[in-house]
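The values are calculated or read from the model by the stated rules, or taken from the named source; none is laboratory data. Just so it is clear, the structure is predicted and the values come from calculations on it, not from any experiment. Every residue, glycine as well, gets a Cβ built from its backbone with ideal geometry; the counts of neighbours run over all protein chains shown. Ligands, DNA and RNA are stripped out before the accessible areas are found, and what is left, the full protein with its side chains, is counted by its heavy atoms. Shrake-Rupley method; radii C 1.70, N 1.55, O 1.52, S 1.80 Å.
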Amino acid sequence: MANALLRSLHALESSNEPTARWTVPLNDGNHVIEFEHGTATGRRIVKIDDEELVRREWMFRLVGDELFTFNGTKFVIRVDPIPGFKYSYTLWVNGKNYKNFVQSQSKILKSWLTTIGDNEYRILLDKQTQNVWINGELIDVENEFMDGGAEMLFSVSGLPAVIRSSSSNQKEIGIDYILYIDDIEINEEGISSFDET
């Protein structure tokens, strides 16, 4: 009888949809965090980019924090009770709530998305460290100074690329960064993605 009850609880919680989902912009690109919470068994599963990072079965405490680290970044998923036998799920990243973390990342990261041939490339610049990533991999760049700014030279799929930085002459914007690949300006990709459920 107990086994039948356990099987029915697992079947009840077996869903292909995560309980909560967030898109988190990190230095190496955007990562999708999915959290499954079994409200009958206490099961917890954390996936990042569809890869399972945490699995806990049969937790007797249904509320509380789930802590984990990914690429040197500390995450906490907070499970809190709300009226009506329901739960709220909040994500904290490096000590900041999700919304504040994304806002701070949008100030320090600049991201571009482009397609060359059949391949898509996401180029990301960390304005604080001046590091550049292509599709999540840190690359070497050659820095050159020029009148009114600087250039970071590298290549994308064999094509010459440059990120030019110069003053925007606006205090609230600061330095302006523009990416050119093969002398064509690439439009910026927005990194503010709020799909918290």
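Within region 79-95, restricting attention to residues that are among the aromatic types (Phe, Trp, Tyr) and within 21 Å of the chain's Cα centre (by Cα), the residue that is modelled with the lowest pLDDT is Tyr89. Cβ-Cβ contacts under 8 Å between residues 6 or more apart (or on different chains), taken from a first residue in region 153-180 that is under 16 Å from Thr129 (Cα atoms) to a second residue that is assigned to a strand (DSSP E or B) and among the basic types (Lys, Arg), are listed as Tyr177/Lys110; Tyr177/Arg164. Within region 75-96, the set of residues being within 29 Å of Gly174 (Cα to Cα) and open to solvent by 50 Å² or more (accessible area, probe 1.4 Å) comprises Trp92, Asn94, Gly95, Lys96. Among the residues making up region 156-180, those that are outside any strand (DSSP E or B) and more than 19 Å from Gly29 (Cβ to Cβ) are Gly158, Ser168, Asn169, Gln170, Lys171, Glu172, Ile173, Gly174. Here region 122-153 is the region considered, the condition is being within 15 Å of His31 (Cα to Cα) and out of contact with any Pro (no Cβ under 9 Å at 6 or more places or on another chain), and the residue that is surrounded by the fewest Cβ atoms within 10 Å (Cβ to Cβ) is Glu137. For region 96-155, the candidate set comprises residues that are among the hydrophobic types (A, V, I, L, M, F, W, C) and not in a strand (DSSP E or B); within that set, the residue that is modelled with the lowest pLDDT is Ile108. If you go through region 45-54 one residue at a time, do you hit one that is surrounded by 12 or more Cβ atoms within 10 Å (Cβ to Cβ) and either touching an Asp or Glu at 6+ places or on another chain (Cβ under 6 Å) or modelled with pLDDT of 95 or more (or both)? Yes, because at least one residue in region 45-54 is surrounded by 12 or more Cβ atoms within 10 Å (Cβ to Cβ) and either touching an Asp or Glu at 6+ places or on another chain (Cβ under 6 Å) or modelled with pLDDT of 95 or more (or both).
Checking every residue in region 162-180 against the condition of being of a type outside the set (Ser, Thr, Tyr), surrounded by fewer than 16 Cβ atoms within 10 Å (Cβ to Cβ), under 20 Å from Thr115 (Cα atoms) and over 25 Å from the mean Cα position of the chain (by Cα) gives zero matches.
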